[in-house]
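Below is one structure; the comments refer to it alone.
The values are calculated or read from the model by the stated rules, or taken from the named source; none is laboratory data. Computed from a predicted model, the values in this text were never measured in an experiment. All Cβ positions, even for glycine, are placed from backbone atoms using ideal geometry, and neighbour counts span all protein chains on display.
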Amino acid sequence: MKRSKIEQIFKQKLTSIEYLVINDTFKVVEISSGVQNFTEFSSEAILNKDVNEVFPELVGVEYILTEILQGDRQYFDYKGIARLTASNSTLYLDIYIIKDDEIMSNQLLIILEDVTEKMLLEQTLIQRNNELELLFSRLSASNQYIDKIIGSMADALVVTNQAGKIKTINKAAEKLFEYSENDLINQHISTIISDNQDQVKIISEKLISTGESLADIELICKTKTGQPINVAFSCSNIPTEIPGIKDYLYIGRDITDKQKIEQERKRVEKRLFAQYFISRVLSNSVTLKQALPKIFLSICESLSWDIGEFWMPEINNENCYLKCLDIWFKPYLKIPEFIEVSKQTVFQLGEGLPGKVWQTGTPQWSSDLINDRNFVRSQVAANAGIASAFAFPIQYENEILGVMSFFSRQWQECDEHLLQTMLTIGNQIGQFIQRERAELALRFEQEQTEHLLLNILPYKIAQRLKRHPSTIADYFSQVSVMFADIVGFTELSSRVSATELVEILNEIFSEFDQLAEKHNLEKIKTIGDAYMVVAGLPKARPDHAVAIAEMALDMQATIAQYNEETNNSLSIRIGINSGDVVAGVIGTKKFTYDLWGDTVNIASRMESHGLPGKIQITETTYQYLRDRYLLEPRGYIEIKGKGEMLTYFLKGRI
C-alpha cells in the first residue's frame, strides 16, 4: 500500500525525478523504475543493498540519516553530484532525503533529480560571459592605446574620407592650424589648404592608383587667422570597416622656415628612432634590469649624450630617498670618480637634479652643471668634463617610480621637444615597471594558489585537474585506509568553549598532519573529530599496510603525550582495512580528493565498532602485518551491513 502511494505521487512529477526508500538500517527496500540511471547497479541489484554502496557520497553522514529518522532533523540535501555514465559523459544529480510519517513508518525517502541540463547550461553561460568580458576589455584597451598614440604625436594628423571631409585630427593639428577639433570635423580639407582643390584631387587619385604612401608633398596651408604656412605632408590610404572604402591619412609638419625645420626634422627622426627602439627593447625584455643597458645605449647613441643613470626610490627606516640603481657610460670615457660618487650618493625629495624631478614630476634641464647650485655633484662633474644634463620622471599614472638622468660633455641648449619625448618614454618605462610588478605579484599569487591547491589535493591530481578540469576517478588495487576518532571529545566540549575546542582539535590534527607527511601518506579529510588517511595512493607502494600501521601507533603516542602535557584524558579509536578503492575528484566546485568502495566502508566500520584506545584491523590487513607487529585476535564481531567479521587489535611493533 505504501509503495503504490509513493508511486502515485511521483507519477505526477517530472521524468527527471526518481526515488528509493531505505529502512532504519539504511538498506534499500523500495525503488522507482528509473533509479538505475543514477547508479552502476541494475534495479534488482539495488534492493536490500546498503545505501552507501549504491551512493558512496552518503558515506559518513549516517548520523544525519539517524537524526532524520528520529525527527531531530527535517531533511538533508546533497546537490551537484557528478557521475560518469556508461557513455563516458557526465551526469549531475541532486539528492534529497526526507521522512514522511503519513506515507511510511521508520523509513526514509531519498529523491533523486537529474540536473545535468541545468548544470551544463549554467557552466556555458558563465564561460560565455567571461569570454565577452575579456573581449570588451581587450577592445577597450586597444582603443585607449591607439588614442594615446595619436594624442602623443608631435606631427599634425588629419584623416578624411574619400570625399575630402575631415573625420579626425589630433592635438598637434589643432595647434598648427589654430582650429579646434569641432571647427574642422566634417569640413572639407580645403579649409586648411590654400592650394586649389585640384591639388587635393591629384593626391587622392595618386593614393587610389598607387595604393601606397606619398611622402614630402609640400602644400601651402592657412591657419584660422589666415596666416599662410608651408606644410610637408605624408599621405596614405587606410582601409575602413566597409570593404572597398578607404580613408586618407595626412601627417604634416610645418616647414615655413625650411632650414630650421630640416634641423628639427632630423632631431624628430632621432627622437622617434629612440622612442621606437625603446618600445622594441621593452617589448622584448622580461625585467627592468635586462632592459636598462639597452635603453641607455639607445638614448645616448641616437641623441648624442654620454652618460645615463637610473634612480629609484627606496625606503629605509621610514626615510625615503633616491638611490642610483644603474649607470651607463660610453666605453672610451675615463670617469671613475663620477661613477663612484653617483653610486654612493642619495637624494632627498627636491635635492639635486633627480630629486627635483622626483618632487615636481616634470622633466628638468641644466645646460651648465658647474655653475648650477642645485647640482650636488658639480665638482666631480667638472673633473670629468661634463657640461650639461637633463632628467625626466619614470611614472605610472600619478606615481613616480624612478628618475632617469643623462649627461653630455658638450654644452647642450634646453630642448623642450626632447623633454616632451623623454616624458613619453618615461611613461612607457613606467608602464613596463608596473607590468613587471603586476607579473611578480601574479606569480606570487599563483605560487600561493599552487601551495593552497597542494594542501587540498595530491600533487599529481592537482596537475591533472589544472590541465583537464574534469571528473577524475582512478582505481587502486592495493591500499590501506584508516579512520580515527577522538574518544572523550564530546565530554570535553561540555567543559570548554567552542573556540578552545577548535584550538585543541587543530593542535591534535596538526600533529597528525605532520605524521602523515613523515610516513608519506595521503590525508583525505577530517569529519568533526574524525581523521581519515590512506596509504598506497596516488602513488602505489607495496608497504601500504606497514606505513598505515606506523601512522596509527604514532597517533596513539601523540594522544598520550598530549594528555600528559595538558592533563586531559582523551583517547583515540582507530580502524584499518586494506583492499581496492576508487579515488578521485568529482563535482565542479570546492574540489576534494576522496575515496569510494567497500574497502573504505569496512575501514569506517572498524573504527566505529572498535574500542577506545585500540587499533582494530581486518583479516586482510592482518595478513600484511602479522610478521612485523604484535597482533591480538579480538574474534568475530557483528559489523553493520557485513555480518560477522574476524578482527584483530594492533598492539605494537615486534
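So here's what we get for this one:
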item	result
Filtered residues of segment 608-623 (kept if crowded, with 21+ Cβ neighbours inside 10 Å and closer than 18 Å to His544 by Cβ)	Ile615, Gln616, Ile617, Thr618, Thr621
Any pair with Cβ under 7 angstrom, 6 or more apart, that starts in segment 533-551 at a residue that is in contact (Cβ under 8 Å) with a residue 40 or more places away in the chain and within 17 Å of Ala583 (Cα to Cα) and ends at one that is among the aromatic types (Phe, Trp, Tyr) and not in a helix (DSSP H, G or I)	Gly536/Phe476; Leu537/Phe476; Ala540/Phe476
Residue satisfying all of: in segment 518-558; modelled with pLDDT under 90 and among the charged types (D, E, K, R); surrounded by the fewest Cβ atoms within 10 Å (Cβ to Cβ) among these	Lys539
Number of the condition not met by Ile31 [criteria: (1) at pLDDT 85 or above; (2) within 45 Å of the chain's Cα centre (by Cα)]	(2)
Test: residue in segment 83-100 that is assigned by TED's automatic domain parsing to the domain that holds Phe55, under 28 Å from the mean Cα position of the chain (by Cα), closer than 20 Å to Phe41 by Cβ and not aliphatic (A, V, I, L, M)	yes
Elements of type strands (runs of 3 or more DSSP E) contained in segment 557-654, each with 3 or more residues being in contact (Cβ under 8 Å) with a residue 60 or more places away in the chain and in contact with a Gly (Cβ under 9 Å, 6 or more places away or on another chain)	571-585, 594-596
Qualifying residue in segment 378-391 (condition: assigned by TED's automatic domain parsing to the domain that holds Asp306 and touching a residue at least 60 places away in the same chain (Cβ under 8 Å))	yes
Gln36, sole failed condition from (1) at pLDDT 85 or above; (2) of a type outside the set (Gly, Ala, Ser); (3) within 18 Å of Ile17 (Cα to Cα)	(1)
Residue satisfying all of: in segment 120-135; farther than 19 Å from Leu93 by Cβ and hydrophobic (A, V, I, L, M, F, W, C); modelled with the highest pLDDT among these	Leu125
Among the candidates Gly597, Gly613, Gly579, residue that is modelled with pLDDT under 90 and small (Gly, Ala, Ser)	Gly597
Looking only at segment 198-235, and only at residues there that are of a type in the set (Ser, Thr, Tyr) and over 16 Å from Arg265 (Cβ atoms), the one that is modelled with the lowest pLDDT	Thr210
Residue selected from segment 72-93 under the condition out of contact with any strand residue (DSSP E or B) (no Cβ under 9 Å at 6 or more places or on another chain) and modelled with pLDDT under 85, by the criterion surrounded by the most Cβ atoms within 10 Å (Cβ to Cβ)	Ser89
Leu93 being among the aliphatic types (A, V, I, L, M), touching a residue at least 24 places away in the same chain (Cβ under 8 Å) and farther than 25 Å from Thr526 by Cβ	yes
Yes/no for Tyr276 being of a type in the set (Ser, Thr, Tyr) and surrounded by fewer than 16 Cβ atoms within 10 Å (Cβ to Cβ)	yes
Any strands (runs of 3 or more DSSP E) falling wholly within segment 264-379 and containing at least 1 residues that are more than 23 Å from Gln410 (Cβ to Cβ) and acidic (Asp, Glu)	307-316, 319-329
Answer from Leu272, Leu282, Leu249 - the residue that is in the same structural domain as Gly402 (by TED's automatic domain parsing) and either closer than 24 Å to Leu219 by Cβ or without any contact (Cβ under 8 Å) to a residue 60 or more places away in the chain (or both)	Leu272
Inter-residue pairs, beta-carbon under 9 Å, first in contact (Cβ under 8 Å) with a residue 24 or more places away in the chain and in segment 148-165, second of a type in the set (Asp, Glu), 6+ apart	Ala156/Glu174; Ala156/Asp254; Val159/Asp247; Thr160/Asp247; Asn161/Asp247; Gln162/Asp247
Residues that are in a loop (DSSP other than H, G, I, E, B) and either touching a Phe, Trp or Tyr at 6+ places or on another chain (Cβ under 6 Å) or not assigned by TED's automatic domain parsing to the domain that holds Val502 (or both), drawn from segment 537-556	Leu537
Those helices (runs of 4 or more DSSP H) lying entirely in segment 22-121 with at least 2 residues under 23 Å from Val585 (Cβ atoms)	51-54
Residues satisfying the stated conditions in segment 582-593, i.e. surrounded by fewer than 24 Cβ atoms within 10 Å (Cβ to Cβ) and modelled with pLDDT of 80 or more	Val582
Matching residues, segment 464-485, being of a type outside the set (Asp, Glu), at pLDDT below 90 and outside any helix (DSSP H, G or I)	His468, Pro469, Ser470, Thr471, Ile472, Ala473, Tyr475, Phe476, Ser477
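Every residue, every condition in (1) over 33 Å from the mean Cα position of the chain (by Cα); (2) modelled with pLDDT of 85 or more, yes or no:
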| position | (1), (2) |
| --- | --- |
| Lys258 | yes, no |
| Glu264 | yes, no |
| Ile278 | no, yes |
| Asn284 | no, yes |
| Lys294 | no, yes |
| Ser302 | yes, yes |
